[in-house]
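Data block below; observations after.
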Amino acid sequence: MMANHHDHSHGHDHHEEHEQLKVLGFWIFVVTDCILFGTLFATYAVMMHSFAGGPTGKELFELPGIIASTFILLTSSFTSGLAVLAMNKGKVKELIAWLAVTAVLGLAFVVLEVNEFTHLMHEGATMATSGFWSAFFTLVGTHGLHVSVGLFWMVALMMQLKRRGINAVTRRKVTNLSLYWHFLDVVWIFLFTVVYLMGVM
């Protein structure tokens, strides 16, 4: 009986260690992402006046669409926070519903970004046009790719929540996803300010 209790205790400790390692792994991922975006912002700062005789951001940026994208992404950050609140209350259906709303908003953001890229390319701005546009598409595109990855993660997590409900594992995943989503919002605020607002000034 004592041996059985010891094995159960040891198994629980091992599970706790495994979960802590996964949390640590997530934070390492966030730190490396900070370094990645920091490098891309630095590259953009160096290239922001390298137009090579081509079109400038001031000529081609359409701020109303960018402001709409910003509003959508910030709203999705709020709804992801509501998903965490629902999780903390143990309301799995409400949690899934708020994740679904967040995913729809995230998808709308990606669609608007694809439309913006299509418009820019139609106007003659591609990665090959100049150093500025190369840095622009790399920075903004990398952020958009991260949002897309977050959407796949969200859908997979909603499916897992439907099957398993709220437990220690899904709780950690929802928390990590929400932190990741907030991180992307913070990056976008910097991006919106540095690339778009400064670009049209």
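The values are calculated or read from the model by the stated rules, or taken from the named source; none is laboratory data. Here the structure is a predicted model, which means the values were calculated and not measured. For neighbour counting, all protein chains shown are included, and Cβ atoms are generated from backbone atoms with ideal geometry for every residue, glycine included. Protein only, heavy atoms only, side chains kept; ligands, DNA and RNA dropped before computing areas. Shrake-Rupley method; radii C 1.70, N 1.55, O 1.52, S 1.80 Å.
The table below lists the values:
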{"item": "Any hit, the range 98-112, residues being over 19 Å from the mean Cα position of the chain (by Cα) and either touching a residue at least 40 places away in the same chain (Cβ under 8 Å) or surrounded by fewer than 19 Cβ atoms within 10 Å (Cβ to Cβ) (or both)", "result": "no"}
{"item": "Enumeration of residues in the range 39-65 that are closer than 24 Å to Leu177 by Cα and open to solvent by less than 40 Å² (accessible area, probe 1.4 Å)", "result": "Leu40"}
{"item": "Condition check for Lys173: among the charged types (D, E, K, R) and either part of a loop (DSSP other than H, G, I, E, B) or more than 19 Å from Phe78 (Cα to Cα) (or both)", "result": "no"}
{"item": "Test for Val174: is it in contact (Cβ under 8 Å) with a residue 12 or more places away in the chain, surrounded by 14 or more Cβ atoms within 10 Å (Cβ to Cβ), more than 11 Å from the chain's Cα centre (by Cα) and under 17 Å from Ala68 (Cα atoms)", "result": "no"}
{"item": "When residues of the range 113-138 are limited to those that are among the hydrophobic types (A, V, I, L, M, F, W, C), under 21 Å from Gly53 (Cα atoms) and part of a helix (DSSP H, G or I), the one most open to solvent (accessible area, probe 1.4 Å)", "result": "Met121"}
{"item": "Output for the range 142-201, where each listed residue is under 20 Å from Phe132 (Cα atoms) and in contact with a Ser or Thr (Cβ under 9 Å, 6 or more places away or on another chain)", "result": "Trp188, Ile189, Phe192, Tyr196, Gly199"}
{"item": "Matching residues, the range 66-97, being more than 30 Å from Leu197 (Cα to Cα) and open to solvent by 40 Å² or more (accessible area, probe 1.4 Å)", "result": "Leu85, Asn88, Lys89, Gly90, Lys91, Val92, Lys93, Glu94, Ala97"}
{"item": "Per-region count, the range 181-192, residues within 25 Å of Glu59 (Cβ to Cβ) and either open to solvent by 60 Å² or more (accessible area, probe 1.4 Å) or in contact with a Lys or Arg (Cβ under 8 Å, 6 or more places away or on another chain) (or both)", "result": "2"}
{"item": "Selection within the range 117-164 - under 23 Å from Leu99 (Cα atoms), in contact (Cβ under 8 Å) with a residue 24 or more places away in the chain and of a type outside the set (Val, Ile, Thr)", "result": "His143, Gly144, His146, Ser148, Gly150, Leu151, Trp153, Met154, Leu157, Met158, Leu161, Lys162"}
